[in-house]
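Here the structure comes first, spelled out in structure tokens, and everything after it is commentary.
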Amino acid sequence: MDIPGQSWSARLEPRQVAGVSALLDRATAVDGTSPVSEQGVHAVSGFGGTTGVRHLVWADADRIVGYAQLQPGHGDHPAMAEVVVDPEARGRGIGGRLVTEALSEGGPDARVWAHGNLPAAQAVARRLELVCARELLQLRRPLADTSLPELVVPEGISLRIYRGIEDDSEVLRVNGAAFAWHPEQGSWTERELAERRAEAWFDPAGLFMAFSTTNEDRLLGFHWTKVHPKQGDDPAIGEVYVVAIGPEAQGRGLGRLLTLAGLHYLRDRGLGAVLLYVEGDNTSALRTYNRLGFEKFHVDVAYARV
């Protein structure tokens, strides 16, 4: 496909990183949601290494007005693409051409994310006859001026916060086992943990870990919280970033317990609301979150060819 002056590359040049980052900022400001995931933003900068990720830019003169990123597939998980077009350059067919190129490059099972499933993304999907293959829901609930259930730690369970890299092997073990089915989360390595510890938002006091009182060396589950700082008129907001329960510990109410521990922590930091992401077909997690007062806020859709 004829993408002006560009082909797929394994790494962006520094000038391209700046141009793509500015493009993401412009699209986020107009759309109210980021067009690329946290993992994708890390890949733009090449932070920590981005094995197998490929990039494609669309330039108009010296300005980058379109960008596609392709995360490689692995095992049963298909390649995943993310595409963004400058708000001022929309309606010119750039989005459709980038999506077509990304799906072709990614193989027959490749998918492309539409974060927020905005009208422009839906129009591209209809034009290319794509279908919804996966839904990622963002849920939210208020924290200010609302009551939270009391945090009661059951007998036989102990809670503590993250102590540092000495905990990483257990965090990665539980994360990998809990999310073995998940195409992004389940593949975390020490690199992903190190990248997130280096972020300005990281706070070890917001990572809660559950153990059996009879074996405090083997992690049962954890809840990692996150705080998004104030942006423009939008106040700071907390996030239930990751809740992972080891398969052998599931069915014991640890998901609710750890989630509540994080919600109390975020409320006590003075935050007015909290968000989380959950797969649209994860009925057990949805049941837990609904009971804790979360409601659907928006939907990310992964589109695929028929």
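Based on this model, can you work out whether residue 205 counts as touching a residue at least 60 places away in the same chain (Cβ under 8 Å), of a type in the set (A, V, I, L, M) and open to solvent by 30 Å² or more (accessible area, probe 1.4 Å)? Here the answer is yes, as residue 205 does meet what is asked. Across the stretch 178-191, the number of residues qualifying as of a type in the set (Asp, Glu), without any contact (Cβ under 8 Å) to a residue 60 or more places away in the chain and either in a loop (DSSP other than H, G, I, E, B) or out of contact with any Ser or Thr (no Cβ under 9 Å at 6 or more places or on another chain) (or both) comes to 0. Going by the structure shown, is residue 263 outside any loop (DSSP other than H, G, I, E, B) and not charged (D, E, K, R)? Yes.
Scanning the stretch 218-231 turns up one or more residues that are more than 29 Å from residue 302 (Cα to Cα) and open to solvent by 40 Å² or more (accessible area, probe 1.4 Å). Inside the stretch 287-306, can you point out the residues that are under 23 Å from residue 184 (Cα atoms), assigned to a strand (DSSP E or B) and open to solvent by 100 Å² or more (accessible area, probe 1.4 Å)? The answer is 296, 297. Based on what the data block shows, is residue 180 farther than 16 Å from residue 276 by Cα and not polar (S, T, N, Q)? So residue 180 fits the description; yes. Can you tell me which of 61, 43, 81 is surrounded by 16 or more Cβ atoms within 10 Å (Cβ to Cβ) and either at pLDDT below 95 or touching a Pro at 6+ places or on another chain (Cβ under 8 Å) (or both)? So the residue among 61, 43, 81 that is surrounded by 16 or more Cβ atoms within 10 Å (Cβ to Cβ) and either at pLDDT below 95 or touching a Pro at 6+ places or on another chain (Cβ under 8 Å) (or both) is 43. Can you spot a residue in the stretch 86-107 that is open to solvent by 50 Å² or more (accessible area, probe 1.4 Å), free of Cβ contacts under 8 Å to residues at least 24 places away in the same chain and under 30 Å from residue 261 (Cα atoms)? The answer is no, given that none of the residues of the stretch 86-107 is open to solvent by 50 Å² or more (accessible area, probe 1.4 Å), free of Cβ contacts under 8 Å to residues at least 24 places away in the same chain and under 30 Å from residue 261 (Cα atoms). Scanning the stretch 144-177 for residues that are among the aliphatic types (A, V, I, L, M) and open to solvent by 40 Å² or more (accessible area, probe 1.4 Å), we see that the one that is nearest to residue 274 (Cα to Cα) is 144. Could you tell me whether the stretch 67-76 includes any residue that is open to solvent by 40 Å² or more (accessible area, probe 1.4 Å) and among the polar types (S, T, N, Q)? Among the residues of the stretch 67-76, not one is open to solvent by 40 Å² or more (accessible area, probe 1.4 Å) and among the polar types (S, T, N, Q), which makes the answer no.
Of the strands (runs of 3 or more DSSP E) that lie entirely inside the stretch 55-126, those containing 1 or more residues that are more than 30 Å from residue 181 (Cα to Cα) span 63-71, 80-85.
Is it the case, given these coordinates, that residue 41 is without any contact (Cβ under 8 Å) to a residue 24 or more places away in the chain and touching a Ser or Thr at 6+ places or on another chain (Cβ under 8 Å)? Yes; evaluated as a whole, the condition is true for this residue. Restricting 187, 212 to those that are within 17 Å of residue 162 (Cα to Cα), open to solvent by 10 Å² or more (accessible area, probe 1.4 Å) and of a type in the set (Ser, Thr, Tyr) reduces the list to 212. Within the stretch 271-283, being outside any strand (DSSP E or B) and in contact (Cβ under 8 Å) with a residue 12 or more places away in the chain holds for 271, 272, 280, 281. Find the residue count for the stretch 245-264, including only residues that are at pLDDT below 95 and of a type in the set (Gly, Ala, Ser). Summing the residues that are at pLDDT below 95 and of a type in the set (Gly, Ala, Ser) in the stretch 245-264 gives 4. Taking the stretch 208-235 as the range and being touching a Ser or Thr at 6+ places or on another chain (Cβ under 7 Å) and under 21 Å from residue 143 (Cβ atoms) as the test, only 223 passes. Of all residues in the stretch 49-56, at least one satisfies being hydroxyl-bearing (Ser, Thr, Tyr), farther than 30 Å from residue 232 by Cβ, within 22 Å of the chain's Cα centre (by Cα) and open to solvent by 30 Å² or more (accessible area, probe 1.4 Å).
Residues of the stretch 264-286 that are buried (at least 16 other Cβ atoms within 10 Å of the Cβ) and in contact with a Pro (Cβ under 9 Å, 6 or more places away or on another chain): 271, 273, 274. Within the stretch 8-44, the residues that satisfy the criterion of being closer than 15 Å to residue 57 by Cα, in a loop (DSSP other than H, G, I, E, B) and of a type outside the set (Lys, Arg) are 8, 10, 12, 13, 35, 36.
The values are calculated or read from the model by the stated rules, or taken from the named source; none is laboratory data. As the structure is a prediction and not an experimental result, all values here were calculated from the model. Cβ: placed from backbone, ideal geometry, glycine included. Neighbour counts: every protein chain shown. Surface accessibility is based on the protein's heavy atoms, side chains included, excluding ligands, DNA and RNA. Shrake-Rupley method; radii C 1.70, N 1.55, O 1.52, S 1.80 Å.
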